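Following: one structure in C-alpha cells, then a few remarks.
The values are calculated or read from the model by the stated rules, or taken from the named source; none is laboratory data. Note that the structure is predicted; figures quoted are calculated from it, not measured. Ideal geometry is used to build each Cβ from the backbone, glycine not excepted, and the neighbour counts take in all protein chains shown.
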Amino acid sequence: MFLFVILFKDNTDEWEGKKIYQFGNGLIKCVDCGKNYRGKLERKKCCYICGGYSNKQTQCIRYQIEEEQLIYITTKHLSLRGRQVEEGRTLKDYIERIEVSGGEKTIKIYYIGDSTISIVSPNRLLY
C-alpha cells in the first residue's frame, strides 16, 4: 500500500459536462499489455486504470492509480530539483511518459528536460 499526502481536493476541470483528467490522452501506458491507462471517476476521486483491463481486452489485473498520487509524486520530484510549475503550464507539460506495471505495482514517471525518473513501488519511493 502507498502512503501519499493529499494536496488537492479536486484536480479536474469540466468541459461541456465531461471530466478532463490531468494525465490523460495516452500519457500513462501499461507495460504489461501496452494499452493506455484511462481516466475514471471512482468514488468521487479521479483515478486511472488500464484500458485493456477496463475493456476486458487483456489479462491485466485491476491496478488503480489516483490522480492525487501522480500530482504529489510529480510536484515533489520537481521541487527537489528546484523547479516549479510555471504560470500557464500544467504538470503534464513536464512529463514525457508514465509507465505502470499492475503486476509489479510499479509506477515510473519520466520527465522532460532533465532525463530524470520517479519510481514508486510497494517497497520504495525514489525521486
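Structure data summary
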read-out: Test: residue in region 106-127 that is at pLDDT 90 or above and of a type in the set (Gly, Ala, Ser); value: yes
read-out: Val100, sole failed condition from (1) within 16 Å of Asn25 (Cα to Cα); (2) part of a loop (DSSP other than H, G, I, E, B); value: (2)
read-out: Scope region 36-57; condition without any contact (Cβ under 8 Å) to a residue 24 or more places away in the chain and assigned to a helix (DSSP H, G or I); matching residues; value: Gly51, Gly52, Ser54
read-out: Every residue from region 58-93 that is part of a loop (DSSP other than H, G, I, E, B), free of Cβ contacts under 8 Å to residues at least 40 places away in the same chain and farther than 20 Å from Glu104 by Cβ; value: Arg81, Gly82, Arg83, Gln84, Val85, Glu86, Glu87, Gly88, Arg89
read-out: All positions within region 7-44 that are under 19 Å from Ile73 (Cα atoms) and modelled with pLDDT of 85 or more; value: Gly26, Leu27, Ile28, Lys29, Cys30, Tyr37, Arg38, Gly39
read-out: Residues being more than 21 Å from Ser115 (Cα to Cα) and surrounded by fewer than 15 Cβ atoms within 10 Å (Cβ to Cβ) - total across region 59-105; value: 7
